[in-house]
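Quick notes on the structure that follows.
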Amino acid sequence: MTTFHGVEFRTSSYSTDDCVSVAPTPGAIAVADTKTGHRYVVEISPSAWDAFLSGLTR
């Protein structure tokens, strides 16, 4: 697991208290649960992230 220091995570403007946040990093998209304070972060490839977003907008 990678530690992300100095990475700016963003949440949706539609979010309330419990949501995920994302941050672009060199070569990956970092996804974290806001409830854990970004303690656990999953790295997703940019192509997988694009495919995920395409699936949401259909």
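What to note about this one:
- Point-to-point label distance, Val22-Ser54, nm (Cα→Cβ direction, 7 Å offset): 1.4
- Solvent accessible area, Å² - Phe52, 1.4 Å probe, full protein context: 110
- Protein accessible area in the chain, 1.4 Å probe - carbon and sulfur %: 54
- Shape of the chain from the C-alpha gyration tensor: oblate (a/c of 1.5 or more and a/b not above b/c, with a ≥ b ≥ c the square roots of its eigenvalues).
- Solvent exposure of the chain amounts to 77 Å² per residue of accessible area, where only protein heavy atoms count and the probe is 1.4 Å.
- Relative contact order for the chain: 25 percent, from Cα pairs under 8 Å spaced at least 6 residues apart, divided by residue count.
- Between Ser15 and Thr36, the FRET efficiency estimated from the beta carbon spacing at R0 = 22 angstrom works out to 0.90.
The values are calculated or read from the model by the stated rules, or taken from the named source; none is laboratory data. Quantities reported herein were computed from a predicted structural model and do not represent experimental measurements. Note: ideal-geometry Cβ built from the backbone for every residue, glycine included; neighbour counts use all protein chains shown. With ligands, DNA and RNA removed, areas are computed over all heavy atoms of the protein, side chains included. Shrake-Rupley method; radii C 1.70, N 1.55, O 1.52, S 1.80 Å.
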